[in-house]
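Taking it in order: structure first as structure tokens, then the write-up.
The values are calculated or read from the model by the stated rules, or taken from the named source; none is laboratory data. Small disclaimer: the values here were computed from a predicted structure and weren't measured. Backbone-built Cβ (ideal geometry, glycine too); neighbour counts: all protein chains shown. Areas reflect the complete protein model, heavy atoms only, side chains present, ligands, DNA and RNA absent. Shrake-Rupley method; radii C 1.70, N 1.55, O 1.52, S 1.80 Å.
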Amino acid sequence: MNPERPGKETLGETILRIEDLARRDPGGRGLSGRVPAGALGPAAFELLASRRVAIVTGFCVRSAGIGETDGPPGALALAGALRILGKKTALITDRYSLPLIRVGAKHLGTPFRALELPELQPEANEALDRFVSAFKPTHVVALERPGSAPDGHRYSMRGEILDDVAPAVDRLFNPDPGRGWVTLAVGDGGNELGMGGLRETLKAEVSRGDLIFCASPADHTLACGISNWGGYALAAALSLLSGVLLLRTPDQERALLTALVDAGAVDGCTREKGLSVDGLAWEKYAETLHAMYDLASGALSARKRGPEAGIGDGGGPWKST
């Protein structure tokens, strides 16, 4: 609470509470709970100032030959929020997750520009370079997308090499002062694109971490218990910062997930079709969505009712004083 206004929670404090929800670790992967809190606010501020955002997502489950249920829902939640704020948004994925993105966008009635990466890496590199030249992103977000380990391979949490089903997108995250865009990453296992900034401190805490942990860093890294929760948390934080509710309701998220599963999406942990994400059945998975939605919508309602309603306008603890 704000010590200068007892009983009043600042927006920054509410955003930290939303981040805590996203950091729940039901799968016990050991990543999100070992990363200091405070990443969500700065990441949301960056996106609030964005103009053109590319979101990279899609994690193929080889045995199913299609993408998993973690990734596209979170990417679409963030893309939808950014579109409402007037940002130009495009999605980057591969042929295994593109059908899910298309079905999800059609279900939501909000078509997005999408780049399908060719499977051969040289062709994928050329496609990325053409995309960057045409779209001119100000920000690039990776959300549940395989990232390259130091040996150049992309790995699953089980240690499977995924190079043939997951073309590398690390070239968009290579540190370069002249790059022209800010990078953000959302992940839950360490093997996702952009998580490289956490590698040296956390690879020993993650199963097979020395092998699978991504080497490519991002300017802003958000470690979550489930990556979809990170996309939803960013949309919730943007809601608070903009004063506009940008979140879909949990019931709408359930309908979206149902549409993706009907299109073939599988749970990345069970590798089976079902209304679950990373081994978490919908009912348990949705508890976090409900909590985030209630926090964001409640804070916005309190703000409309005035300063005595229980939430202050103070900035977040990430801001310099």
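A few notes on this one:
- Considering Arg95, Arg23, the condition of being closer than 26 Å to Ser297 by Cα, among the charged types (D, E, K, R) and open to solvent by 30 Å² or more (accessible area, probe 1.4 Å) is satisfied by Arg23 alone.
- Restricting attention to segment 223-245, the residues that are open to solvent by less than 10 Å² (accessible area, probe 1.4 Å), out of contact with any Pro (no Cβ under 7 Å at 6 or more places or on another chain), farther than 16 Å from Ala49 by Cβ and not small (Gly, Ala, Ser) total 4.
- Scope segment 203-221; condition aliphatic (A, V, I, L, M) and either open to solvent by less than 10 Å² (accessible area, probe 1.4 Å) or part of a loop (DSSP other than H, G, I, E, B) (or both); matching residues: Val206, Ile212, Ala215, Ala218
- If you go through segment 259-290 and pick out every residue that is free of Cβ contacts under 8 Å to residues at least 40 places away in the same chain and among the hydrophobic types (A, V, I, L, M, F, W, C), you end up with 4.
- Answer from Gly67, Gly104, Gly74 - the residue that is closer than 25 Å to Glu126 by Cβ, in contact (Cβ under 8 Å) with a residue 24 or more places away in the chain and outside any loop (DSSP other than H, G, I, E, B): Gly67
- Residue satisfying all of: in segment 273-321; modelled with pLDDT of 60 or more and part of a loop (DSSP other than H, G, I, E, B); surrounded by the fewest Cβ atoms within 10 Å (Cβ to Cβ) among these: Gly306
- Tally of residues being in contact with a Gly (Cβ under 9 Å, 6 or more places away or on another chain), open to solvent by 10 Å² or more (accessible area, probe 1.4 Å) and either on the phi > 0 side of the Ramachandran plot or in a strand (DSSP E or B) (or both) across segment 156-200: 0
- Within segment 2-20, if we keep just the residues that are open to solvent by 60 Å² or more (accessible area, probe 1.4 Å) and modelled with pLDDT of 95 or more, the residue that is nearest to Asp278 (Cα to Cα) turns out to be Asp20.
- Residue check: Leu128 meets all listed conditions (1) over 20 Å from Glu68 (Cβ atoms); (2) out of contact with any Lys or Arg (no Cβ under 9 Å at 6 or more places or on another chain) but one, namely (2).
- All conditions in (1) touching a Phe, Trp or Tyr at 6+ places or on another chain (Cβ under 9 Å); (2) part of a helix (DSSP H, G or I) hold for Leu115, with the sole exception of (2).
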